[in-house]
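Heads up, the thing below is written out as structure tokens.
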Amino acid sequence: EAAVTQSPRNKVTVTGGNVTLSCRQTNSHNYMYWYRQDTGHGLRLIHYSYGAGNLQIGDVPDGYKATRTTQEDFFLLLELASPSQTSLYFCASSADWESSYEQYFGPGTRLTVL
Amino acid sequence: AQSVTQPDARVTVSEGASLQLRCKYSYSATPYLFWYVQYPRQGLQMLLKYYSGDPVVQGVNGFEAEFSKSDSSFHLRKASVHWSDSAVYFCAVRGQVVGQLTFGSGTRLQVYA
């Protein structure tokens, strides 16, 4: 069973604040993803990565940076947080191209920007 | 661009009743289709997938889905629901780019005793 962990599980910050969300997967998956989940929108892809040092832009990247430091670790950075970024954030991973649509999700981080 | 529509934001059924959750997709080529479930305070888990072949695919916990190319649909079904099936269900279709999934807005299922 694939294991994806996220930290913190909950985060409150103020407008203009600096936030880093962390994700780790322990299954040697190559692909990792960051999504945000908002009512009425389902999940929307922010950034994703094919491997350490690689970064790809998703569908809603504005206001977000990401960095993949190792195969296991993928970070999402909000350098000037805004209330519109209040959301539930999920990290996911998948093994390779053939199974890249079978994604394994972490438990989520709830971010509130005041 | 690909898209997924789940027309029912909420569905309420009694325990033991049958269930159908609707999903319509838009995709220019052969779609890869998925159903994911999100239990309270958890991440998403894949229920089943369709790549090709038999249009009826079986998933975990008694769920199945039927692919229809003519109708551009991939509806999820279960013959008899249990209270533990209460969750949010997402339909998804593969994106144009490797690894990308496009999700519908989700259907919240409430099963009452």
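The values are calculated or read from the model by the stated rules, or taken from the named source; none is laboratory data. This one's a predicted model, so the numbers in the text were calculated from it and none came from an experiment. Positions of Cβ are backbone-derived with ideal geometry, glycine not excepted, and every protein chain shown enters the neighbour counts. SASA here: full protein model, heavy atoms, side chains in, ligands and nucleic acids out. Shrake-Rupley method; radii C 1.70, N 1.55, O 1.52, S 1.80 Å.
Values of log10 I(q)/I(0) for chain B across q = 0.16, 0.22 Å⁻¹ run -0.67, -1.24, by the Debye formula with one identical scatterer at each alpha carbon and no solvent.
In chain A, the ratio of gyration radius to Kirkwood radius, Rg to Rh, stands at 0.95 when only Cα atoms are counted.
In the protein assembly as shown, what percent of the accessible surface is made up of carbon and sulfur (1.4 Å probe, ligands and nucleic acids excluded)? Could you put the intermediate results ahead of the total?
Numbers: 5080 of 10380 Å².
Answer for the protein assembly as shown: carbon and sulfur cover 49 percent of the accessible area.
Work out, step by step, the length gained on full extension between A:L55 and A:T20: first 0.36 nm times the residue separation, then minus their alpha carbon distance; give nm to one decimal.
11.0 nm
Restricting the trypsin sites (Lys or Arg not before Pro) of the range B:43-107 to loop positions (DSSP other than H, G, I, E, B) with no more than 14 neighbouring Cβ atoms within 10 Å leaves B:K69. Charged neighbours of A:Q6, selected by a Cβ distance under 12 Å, balance to +3 (K, R count +1; D, E count -1). Simple spin-label estimate for A:A95 and B:Q45 gives 1.9 nm between the two label positions (7 Å along the Cα-to-Cβ direction from each Cα). Residues whose amide H comes within less than 5 Å of that of B:Q100, counting only those at least five positions distant or on another chain, are B:G95 (H built at 1.01 Å from N in the peptide plane).
For the protein assembly as shown, the share of DSSP beta bridges that are antiparallel, to the nearest 5, is 90%.
Strictly greater than 15 Å: what percent of every Cα pair in the range B:1-46 meets that? Before the final figure, lay out each step's value.
Values: 643 of 1035 pairs.
Cα-Cα pairs in the range B:1-46 separated by more than 15 Å: 62 percent.
When each of the peptides A:59-68, A:35-44 is scored by how many other beta carbons lie within 10 Å of its residues on average, the order from highest to lowest is A:35-44, A:59-68.
Over the protein assembly as shown, what portion of Cα pair distances is larger than 23 Å, expressed as a whole percent?
Numbers: 12136 of 25651 pairs.
Pairs farther apart than 23 Å: 47 percent.
Label reach from B:S3 (point 7 Å along Cα→C-beta): in the range A:49-70, amide nitrogens under 17 Å belong to A:59-60. Close amide H partners of B:L47, meaning residues 5 or more places away or on another chain with modelled amide H under 5 Å apart, are B:W35, B:Y36, B:V37. Our note on the geometry: Cα centres of the range A:56-70 and the range B:55-113, 28 Å apart. Interface burial in the range A:43-82, defined as at least 10 Å² less accessible area with all protein chains than with the chain alone at a 1.4 Å probe, covers A:L43, A:L45, A:Y48, A:Y50, A:D59. Proximity of backbone amide H atoms, modeled 1.01 Å from N, is registered between A:V12 and A:T112 at under 5 Å, excluding neighbours fewer than 5 places apart on the same chain.
I want the local charge near B:S72. Using Cβ-Cβ distances under 12 Å, sum +1 for each Lys or Arg and -1 for each Asp or Glu among the other residues. The partial results should precede the final answer.
Values: positive: B:R22, B:K24, B:K69; negative: B:D71.
Around B:S72, the charge tally is +2.
Once the piece of chain linking A:T39 and A:R110 is laid out straight, how much longer is it, given 0.36 nm per residue of separation minus the C-alpha distance between them? Could you put the intermediate results ahead of the total?
Working: separation 71, 0.36 × 71 = 25.56 nm, distance 1.32 nm.
Net length gain for the segment: 24.2 nm.
Between B:A79 and A:N27, the modelled label-to-label distance comes to 2.9 nm, taking each label 7 Å out from Cα in the direction of the beta carbon. Calculated FRET efficiency, A:T69 to A:T13, Cβ-Cβ distance, R0 = 22 Å: about 0.50 to the nearest 0.05. Electrostatic tally near B:Y25: other residues with Cβ closer than 14 Å to its Cβ, Lys and Arg +1, Asp and Glu -1, net +3.
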